[in-house]
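The values are calculated or read from the model by the stated rules, or taken from the named source; none is laboratory data. Quantities reported herein were computed from a predicted structural model and do not represent experimental measurements. Neighbour counts run over all protein chains shown; Cβ positions are idealised from the backbone, glycine included.
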Amino acid sequence: MKWYRKLHWQIILGLILGLLWGLISALAGFNEFTLDFIKPFGTIFITLLKLIAVPLVLASLVAGVTSLNDTASLSRMGGKTVLIYLCTTIFAITIGLVSVNLWEPGKALPEETKIELQETYKDNVGEKEEGAMLVKERRPLDFIVGIVPDNFFKSASENSNMLQVVFVAILLGIGIIKVGGEKGKLLVNVFDSFNDVIIKIVDLIMKTAPYGVFALMAALIVDLAGDDLGKAGDLLYALGAYCLVVVSALILHVLLVYTAMFKIFTKVSLGTFFKAIRPAMLLGFSTSSSSATLPVTMERVEKNLGVEEEVSSFVLPIGATINMDGTSLYQAVAAVFIAQALGMDLTIIQQLTIVLTATLASVGAAGVPGAGIVMLVVVLQAIEVPVEGIALILGVDRILDMCRTTVNITGDAAVALTVASSEGKLGTPNLDD
Ligand code: ASP
């Protein structure tokens with residue numbers, strides 16, 4: 001296949017052209033046109049992906065669980081998955097903490113910039129704080145209680161209830177295994193066929209990805225910069241060191257932790273892994289949403305990495321909700337950066353508190369844009385750093401959100417690959433497309 005026909009190149013082209021369009025539109029003053037006539041196509045694209053997420057998780061998870069044939073392997077896989085998710089998250093936070101403590105980007109911030117930024121974003125911080133207060137008021141086990149729905153249709157009508165859908169799908173799968181025989185077989189076939197149909201629809205939606213990404217990028221630049229490109233430039237410059245630390249630590253995490261994981265548990269190289277999942281990574285970057293990207297992550301992990309469906313359909317939807325290596329790493333760097341910028345030295349106990357709270361905060365964060373910064377309030381409050389400090393980093397958050405979401409998705413796919421390999425459910429990667 002010619003290189004320009006490959007999906008990821010088309011998505012990259014859409015991304016670059018979208019950025020250019022956004023810049024030209026901000027400079028030449030036709031932002032209104034971009035917002036009225038380009039942005040809606042990006043919105044439709046994301047909405048389509050969200051639309052397909054619940055049916056996809058339900059169909060593929062039921063199909064996956066029923067193909068396991070016994071419930072013992074299901075619980076073994078579940079334990080393994082959660083354990084690896086937890087380990088990669090703790091590694092991510094540690095890498096973030098070490099990087100930000102070594103580089104100390106917060107100490108380099110000019111005094112006037114700090115004051116100016118704090119003034120600019122005071123109102124926004126109030127909103128984030130309210131969101132986090134709601135989360136903080138929860139009791140420790142509310143997270144588990146929340147996984148069990150009292151009405152499946154209510155869960156299925158809200159994409160943020162993905163863990164409830166996962167719970168019901170597993171229950172349904174177990175029920176089908178227990179019934180077995182002709183009746184069981186009938187339902188297995190229904191869910192298998194349903195699953196194939198949904199995968200075809202994902203394929204169709206992905207054909208429009210380059211246009212969707214173009215529209216999303218153009219709208220993002222217009223929203224970020226508005227008519228005042230100079231101001232956006234100043235903000236980016238002032239916070240460059242902080243961004244650099246986050247981005248390099250993210251890259252370091254991917255290169256160190258996932259490479260080590262692949263070396264120990266699989267025969268797949270990091271290069272092959274990236275080639276297989278790059279459209280999903282690009283989409284995560286453009287949408288800043290692990291949930292919206294989930295259908296594509298699942299498709300690439302199954303079709304191109306060779307992970308069997310019973311593993312991917314189980315590991316990935318859970319990962320999109322609870323496993324966020326990028327987000328937890330970012331929260332650790334952001335918390336220490338804010339403390340540094342406000343002239344506070346953190347004790348070792350406070351740094352350990354970051355490890356604990358950032359793990360919980362990333363588990364609690366939804367796979368949607370901006371969720372990570374809302375949960376950052378919880379981390380800051382735990383280490384007694386003023387939450388107003390968030391004002392310092394709000395301006396660059398969207399860009400870092402794109403980067404951390406890419407790592408969140410990469411982490412989910414890496415764990416799916418590892419679990420599949422350890423369960424003997426990994427085929428040969430197919431890198432044709
Ligand atoms: N946008 C991220 C995600 O969807 C969550 C975050 O804001 O960190 O994975």
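Observations on the model:
- Pairs are defined by a Cβ separation below 6 Å, a sequence spacing of at least 6 or placement on different chains, a first member in segment 395-414 that is under 15 Å from residue 293 (Cα atoms) and within 11 Å of the ligand (Cβ to nearest atom), and a second member that is small (Gly, Ala, Ser) and assigned to a loop (DSSP other than H, G, I, E, B); the pairs so defined are 401/288; 402/288; 405/288.
- When residue 248 is tested against (1) surrounded by 17 or more Cβ atoms within 10 Å (Cβ to Cβ); (2) at pLDDT 95 or above, exactly one condition is not met: (1).
- Test for residue 324: is it out of contact with any strand residue (DSSP E or B) (no Cβ under 9 Å at 6 or more places or on another chain) and surrounded by fewer than 24 Cβ atoms within 10 Å (Cβ to Cβ): no
- Filter result for the condition that a residue is touching a helix residue (DSSP H, G or I) at 6+ places or on another chain (Cβ under 8 Å) and over 28 Å from residue 203 (Cα atoms), over 65, 100: 100
- Subset of segment 368-394 that is more than 13 Å from the ligand (Cβ to nearest atom) and among the small types (Gly, Ala, Ser) - its residue that is farthest from residue 247 (Cα to Cα): 382
- Taking the criterion of being basic (Lys, Arg) and in contact with an Asp or Glu (Cβ under 7 Å, 6 or more places away or on another chain), no residue of segment 276-315 qualifies.
- Checking every residue in segment 324-336 against the condition of being within 16 Å of the ligand (Cβ to nearest atom), within 30 Å of residue 68 (Cα to Cα) and aliphatic (A, V, I, L, M) gives at least one match.
- Residues that are in contact (Cβ under 8 Å) with a residue 24 or more places away in the chain, surrounded by fewer than 15 Cβ atoms within 10 Å (Cβ to Cβ), part of a helix (DSSP H, G or I) and within 23 Å of the chain's Cα centre (by Cα) do occur in segment 32-41.
- From the list 424, 343, the lone residue that is closer than 22 Å to residue 106 by Cα and more than 16 Å from the ligand (Cβ to nearest atom) is 343.
- Elements of type helices (runs of 4 or more DSSP H) in segment 243-316, at least 2 residues being closer than 27 Å to residue 51 by Cβ and either without any contact (Cβ under 8 Å) to a residue 24 or more places away in the chain or of a type in the set (Phe, Trp, Tyr) (or both): none
- Within segment 279-309, the residues that satisfy the criterion of being aliphatic (A, V, I, L, M) and more than 14 Å from the ligand (Cβ to nearest atom) are 282, 298, 301, 305, 307.
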